[in-house]
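Below: one structure, written as structure tokens.
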Amino acid sequence: MGFAIGDMTFALLLEQRGLLPDLVQAPDIFCVLGGEPERLAAFADIQALRAAGWRVEYPFKDLAFGKQFKAATESGARLALIYGSDELAKGVVKLRDLTNREEREVPAQTLLAEVRAVLGGGD
């Protein structure tokens with residue numbers, strides 16, 4: 001016994017006719033996190049960025065910064081937000097443009113506006 005609703009046939013038809021929409025799976029932003037305090041600090045920003053309409057990813061387990069930067073680059077994200085202990089102590093977030101590798105510190109309270117200035121959109 002089987003059950004089919006024709007979804008594969010429909011998907012193939014759309015693909016053959018060039019009507020299948022492009023599905024974007026790359027995140028807009030990848031968060032690079034230090035330890036647990038930095039992870040906790042980043043969660044509020046991640047929620048605010050997602051609420052504003054951006055796709056945000058972060059590592060679920062602790063990884064070295066190098067591995068996180070590699071994951072950020074491979075993800076296709078345009079921006080990396082870096083939350084390290086030094087940044088947390090200064091009340092800033094490092095914003096790295098992954099296309100041109102430029103990096104700057106921005107005050108944590110203006111992060112949403114800074115991301116909007118770089119990526120556009122949101123809200």
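Ranked by the mean number of other Cβ atoms within 10 Å per residue, highest first, peptides 107-118, 58-69, 12-23 order as 107-118, 58-69, 12-23. Between ARG101 and GLN25, the C-beta separation translates, for a Förster distance of 22 Å, into a calculated FRET efficiency of about 0.45. Using a probe of 1.4 angstrom, how much of the accessible area of the chain is carbon and sulfur, in percent? Of the solvent-accessible surface of the chain, carbon and sulfur hold 56 percent. Taken about its Cα centre, segment 1-95 carries a charge dipole of about 100 debye when Lys and Arg each add +1 at the Cβ and Asp and Glu each add -1 at the Cβ.
For segment 1-106, the relative contact order works out to 27 percent when only alpha carbon pairs closer than 8 Å and six or more residues apart are counted. Bridge orientation summary for the chain: considering DSSP beta bridges with both residues in this region, about 55 percent are antiparallel.
Once the 1.4 Å probe is applied to the protein heavy atoms, segment 1-106 comes out at 66 Å² accessible per residue.
Mean residue ellipticity, 222 nm, helices only, the chain: the sum of -39500 (n - 2.57) across DSSP H runs of n ≥ 4, divided by residue count and rounded to 500, is -12500 deg cm²/dmol.
The values are calculated or read from the model by the stated rules, or taken from the named source; none is laboratory data. As the structure is a prediction and not an experimental result, all values here were calculated from the model. Note: ideal-geometry Cβ built from the backbone for every residue, glycine included; neighbour counts use all protein chains shown. For accessibility, only protein heavy atoms count, side chains too; no ligands or nucleic acids. Shrake-Rupley method; radii C 1.70, N 1.55, O 1.52, S 1.80 Å.
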